[in-house]
Amino acid sequence: MSEQQNRAPTSTSCRLTFDCERLRVRGPAGWLKGFGVGFDEEWGALRAEAATRLPSRAVDPYEMARAAAVQCLEDFRDGVVLVPLDDEGGLWTAQVGGLDWICAFSDEEALYRFAVERDETGREWPYRRIGGARLLDEVLPALEFPCGVALNAAGPEGAVFPPVRGIVPDAVALDAERAA
């Protein structure tokens, strides 16, 4: 095809000759016999199919963040975490913003990072292994004060699970009275 032909505007129909004698249809036994569908028919079929497809949803950043938070909570509930013990053998908590938080860690490396941040690597850090779901559904409701869970507090993959509906049982959720 010449440069001028390549730049020419296209019309609604197209011929498959390409100015090349070998590719011209030469009757019933021509080169293009057996393809069955010409360009116009193929294009029409593709357009018809595209018209029946639902438009793809635009990516909603709120929904993406919500889905990531839900997945993080599910992963926490399905996993086992390490919870350091205080001097009396209870679960170690920290108070931030007027609320107590049980500090939980996904592994010993995350607990070590926390000890480094607190400049307490020289002391022993005893801990208990507790299922995430058990921590949220049984341990937190058994406490006499509202408490959340801070996961991997000194790491880049940290997360918090406050004592609110959808995370802890409604009976101990701080926002339970709003729902009523």
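Derivation of every value follows stated rules applied to the coordinates shown; laboratory data play no part. Treat the numbers as computed from the prediction; the structure is a model and nothing was measured. Note: ideal-geometry Cβ built from the backbone for every residue, glycine included; neighbour counts use all protein chains shown.
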Problem set entry | At 1.002 mPa s and 20 °C, Stokes diffusion of segment 45-127 via Kirkwood alpha-carbon radius, µm² per second | 127 µm²/s
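Order of 41-50, 82-91 by packing, highest average Cβ count within 10 Å first?
Numbers: 41-50: 10.4, 82-91: 13.2.
For the peptides 41-50, 82-91, the packing ranking is 82-91, 41-50.
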For this session: Using amide H atoms built 1.01 Å from N in the peptide plane, name the residues 5+ places from VAL164, or on other chains, whose amide H lies under 5 Å from its own.
Result: LEU174
Exercise. Give me the log10 of I(q) over I(0) for segment 99-166 at q = 0.18, 0.20 Å⁻¹, as the Debye formula computes it from C-alpha points; what are the numbers?
Worked result: -0.72, -0.86
Seminar exercise, completed: Those GluC sites (Glu not before Pro) from segment 92-180 that are DSSP loop and have at most 12 other Cβ neighbours within 10 Å turn out to be GLU120, GLU124, GLU144, GLU157
Exercise. Using alpha-carbon positions, what is the distance between the centroids of segment 116-130 and segment 39-109, in Å?
Worked result: 28 Å
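Tell me the trypsin sites (Lys or Arg not before Pro) within segment 56-117 that lie in a loop according to DSSP and have at most 13 other beta-carbon atoms within 10 Å.
ARG57
Which whole number of Å³ per residue matches the convex hull of the alpha-carbon atoms in segment 40-180?
Numbers: hull volume 25.3 nm³, N = 141.
Dividing the Cα hull volume of segment 40-180 by its residue count gives 179 Å³.
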